[in-house]
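Please read the structure below before turning to the comments.
Read-outs: derived from the displayed coordinates by stated rules, not from any lab. If you're wondering where the values come from, they're calculated on a predicted model, not measured in any experiment. Reconstructed Cβ throughout: ideal geometry from the backbone, glycine too, with neighbour counts over all protein chains shown.
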Amino acid sequence: MNAYISSVMNDLKTRCAWEKEFLQAAEEVLDSLTPIIDREPKYKANKILERIVEPERVVMFRVPWIDDKGEFQINRGYRVQYNSAIGPYKGGIRFHPNVTLSTLKFLGFEQIFKNSLTGLPMGGGKGGADFNPNGKSNNEVMRFCQSFMTELFRHIGPDTDVPAGDIGVGGREVAYMFGQYKRLANEFTGVLTGKGLNFGGSLIRPEATGFGVVYFAEEMLKTRGDSLKGKKVAVSGFGNVAWGAAIKANDLGAKVVAISGPDGSVFDKDGVSGEKIEFMLEMRSSGRDKVQDYADKFKGVEFHAGKRPWIFPVDVALPCAIQNELNGDDAQLLLKNGCQCVVEGSNMSSTLDAVRYFVEKKTLYAPGKASNAGGVATSGLEMSQNSMRLGWTREEVDARLHQIMVNIHNSCVKAAKEYGDEGNYVMGANIAGFKKVADAMIDQGLV
Ligand code: 2IT
């Protein structure tokens, strides 16, 4: 870290002392920008770091709704509009009881660089609420989504800010929010992505994040003359990202031997494939949030209560659940057991000590902002289709997604090499993502 970067970081630590996740994300990015900041004095001269860590706008609002018993409920809603230098704010909405401003600032900050890496014209943003959809009735979820959108609608628009799903927000929630937006704004536009196919959604969007993670893993393995064929894979979570990743890993000849949930992990020596992948969807829609259901349903499956899937000997690990789900000890255990490749499907899956360990050991390690960008990239493709008022075929969307993941992979590799640390995907992703946004900010003057 050079003097300019550490002064920006120290200042941030004082001013955002309580925003732990945000400080973690900022430190990971800023630290790895050292070689480009050293080489190009224009970024310091234009105070780019001071500007890029500060969201352009944050909206926080009350979300009142009525539960099925007729009781009033109050949640807190947010939208962090982080950076619009290269396009309208774009990023998901998370409904999870742990959501705070810190969570959404970390996610919004990561989204700036991720969206830039996709090569599509999208700025960075993120939103959400400390609402837990698990255990809620369909009507409760609908009322919550409508109330949330009743405030959010005045801050977003197809050329201003285009939200989508994230943890706790899937097709059902996006549809309810879209319905309410349309009613309030009196317009039918592509203001949200991840919509249903009947009203402007894109084919492949549900699978896209997980597919992209696996396409990225395949590109990384290729750099060492290897491939996913015959590899044993551990996936964490059983949500949208884990599901897409399991499908594509199977397609490419790998065997998914573990998935997990908040209650523990399952080890399935026969592999998660066929109807077992369908069952992941059932577990998700049941709202029970328990992976033990998988072990109860299928023969020969071990359930390890309270354990993460990083205890199993595998070749490839795909963390696809939530931030900080893989720590330094997990990283050491994975490598000790022979894992060669760790590709993040969740945002900031790894703690800073795990990231540093992987980088030091020259593991094939990809940070989420590069490897999980296929989700938002396909959202970008949904925006294009909405603007054209046309829909592409599955094959067309999948081919574009695949090409985007190959391009992101190559940008990371190229930037890491150019700035002196070949094979370091953390540095490569951060520098490549940063450069485009920072240069656009300089061009547009002090705004
Ligand atoms: O973290 C992410 O990139 C997402 N949740 C997807 C965002 C989007 O706008 O599709």
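General observations
- The modelled label-to-label distance for the pair Ser227/Lys297, using points 7 Å beyond Cα in the direction of Cβ, is 3.1 nm.
- The longest stretch of the chain left intact once loop-based trypsin sites (Lys or Arg not before Pro) with at most 12 other Cβ atoms within 10 Å are removed from consideration, loops following DSSP, is 70-223.
- Entries of Lys299/Lys336; Lys136/Lys336; Lys336/Lys369; Lys20/Lys436; Lys90/Lys269 with Cα pairs more than 31 Å apart: Lys136/Lys336; Lys90/Lys269
- The HN-Hα couplings worked out from phi for segment 282-290 by the Karplus form 6.51 cos²θ - 1.76 cosθ + 1.60 (θ = phi - 60°) are 5, 4, 5, 6, 5, x, 7, 6, 10 Hz, whole numbers, x standing for Gly and Pro.
- Point-to-point label distance, Glu278-Lys362, nm (Cα→Cβ direction, 7 Å offset): 4.6
- Placing dummy labels 7 Å off each Cα toward the beta-carbon, the span from Asp353 to Arg394 is 4.5 nm.
- Paramagnetic label zone (point 7 Å from Cα along Cα-to-C-beta, Asp329; backbone N under 17 Å) in segment 355-386: 355, 357
- Contact order normalised by residue count of segment 61-202, Cα under 8 Å, 6+ apart, percent: 26
- Sum of -39500 (n - 2.57) over DSSP H runs of 4+, divided by residues of the chain (222 nm, nearest 500): -15000 deg cm²/dmol
- FRET efficiency for the Glu71 to Arg183 pair, using the beta carbon distance and R₀ = 25 Å, is estimated at 0.50.
- 5 angstrom amide H check on Asp263, placed H, neighbours 5+ away: Val291
- Rounded to whole Hz, the Karplus (6.51, -1.76, 1.60) HN-Hα couplings of segment 180-190, x for glycine and proline: 5, 4, 4, 5, 6, 8, 6, 8, 10, 9, x
- Highest-fluctuation residue, Ile247, Ile66, Ile277 considered, GNM on the chain with Cα pairs under 10 Å: Ile66
- For Ala164, the residues whose amide H sits under 5 Å from its own are Gly91, Gly92, Ile93, Thr193, ignoring neighbours fewer than 5 places away on the same chain, with H placed 1.01 Å from N.
- Shown in residue order for segment 81-95 are the 3J(HN,Hα) couplings computed by the Karplus curve 6.51 cos²θ - 1.76 cosθ + 1.60 at θ = phi - 60°: 9, 7, 8, 10, 5, 10, x, x, 3, 8, x, x, 10, 10, 10 Hz (x for Gly and Pro).
- Taking every alpha-carbon pair under 8 Å whose residues sit at least 6 apart, segment 403-447 reaches a relative contact order of 28 percent.
- Cβ-Cβ FRET estimate between Lys42 and Arg15, R0 fixed at 30 Å, reported to 0.05: 0.75
- Taking Cα centre as origin and charging only the Cβ of basic (Lys, Arg, +1) and acidic (Asp, Glu, -1) residues, the dipole magnitude of segment 60-205 rounds to 120 debye.
- Segment 245-307: chymotrypsin sites (Phe, Trp or Tyr not before Pro) falling in loop per DSSP and having at most 16 other Cβ within 10 Å: Phe298
- Over all distinct Cα-Cα pairs of the chain, the Kirkwood formula returns a hydrodynamic radius of 21.9 Å.
- Counted over the chain, the DSSP beta bridges are approximately 55% antiparallel.
- Gain upon complete extension [Glu54, Leu446; 0.36 nm per residue less C-alpha separation]: 139.8 nm
- Loop-located GluC sites (Glu not before Pro) in segment 376-438 whose Cβ has at most 16 other Cβ within 10 Å (DSSP): Glu422
- Taking amide H atoms as placed 1.01 Å from N in the peptide plane, the amide H of Val256 lies under 5 Å from those of Val233, Val272, each 5 or more residues away in sequence or on another chain.
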